[in-house]
Amino acid sequence: GACGTCINTYHFSKPQINQQDLAELAACDTLVFAFPLYVDGIPSHLLSCLSQMEGYLKPLASKEMRVYAIVNCGFYEGRQNQHALDMMQNWCAKTGLTWGHGLGIGG
């Protein structure tokens with residue numbers, strides 16, 4: 001666009017990310033994850049993708065990349081998503097990325 005911003009959408013519905021998508025993700029300045037709560041945590045297929053991304057992104061940690069997360073659940077209270085948001089924050093710390101913020105949305 002005119003401001004130099006590009007938005008790409010990726011669907012982590014499988015437990016593995018291809019190399020081209022990993023390279024594209026590594027070139028981003030900001031990552032926004034949106035996913036449903038699954039047993040008080042991150043869905044397993046996304047967790048596998050995060051693990052793979054960690055191995056790819058950790059050596060590039062000198063690059064400033066900010067991460068945000070949106071977690072939705074069927075509970076009335078959005079605070080039920082706190083464990084999943086904490087997991088995302090911990091993943092950022094382990095990967096060397098900057099945790100921006102998270103939003104928990106209830107049903």
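The values are calculated or read from the model by the stated rules, or taken from the named source; none is laboratory data. Every value quoted in this text rests on a predicted model; they were computed, and no experiment measured them. Virtual Cβ from ideal backbone geometry, glycine too; neighbours counted across all protein chains shown.
Taken together, the residues in the stretch 19-70 that are basic (Lys, Arg) and within 22 Å of His83 (Cβ to Cβ) amount to 1.
Give the residues of the stretch 64-91 that are in contact (Cβ under 8 Å) with a residue 24 or more places away in the chain and more than 12 Å from the chain's Cα centre (by Cα), sorted by residue number. Selection gives Glu64, Asn72, Cys73, Gly74, Phe75, Tyr76, Glu77, Gly78, Arg79, Gln80, Asn81, His83.
For Glu54, the stated conditions hold: it is charged (D, E, K, R) and either outside any helix (DSSP H, G or I) or modelled with pLDDT of 95 or more (or both).
Among the residues of the stretch 81-107, those that are surrounded by fewer than 19 Cβ atoms within 10 Å (Cβ to Cβ) and in contact with a Cys (Cβ under 9 Å, 6 or more places away or on another chain) comprise Thr98, Trp99, Gly100, Ile105, Gly106, Gly107. Screening the stretch 92-107 for residues that are small (Gly, Ala, Ser) and touching a residue at least 24 places away in the same chain (Cβ under 8 Å) and picking the one that is nearest to Arg66 (Cα to Cα) gives Gly100.
Beta carbons closer than 8 Å, at least 6 apart along the sequence or on distinct chains, pair a first residue in the stretch 33-46 that is within 19 Å of Asn8 (Cβ to Cβ) with a second that is in a helix (DSSP H, G or I) for Phe33/Leu46; Phe33/Met88; Phe35/Leu46; Phe35/Ala84.
Screening the candidates Gln89, Gln80 for the property of being assigned to a helix (DSSP H, G or I) and out of contact with any Leu (no Cβ under 9 Å at 6 or more places or on another chain) yields one hit, Gln89. In the set (1) under 30 Å from Gly107 (Cα atoms); (2) without any contact (Cβ under 8 Å) to a residue 24 or more places away in the chain, the condition left unmet by Asn18 is number (1).
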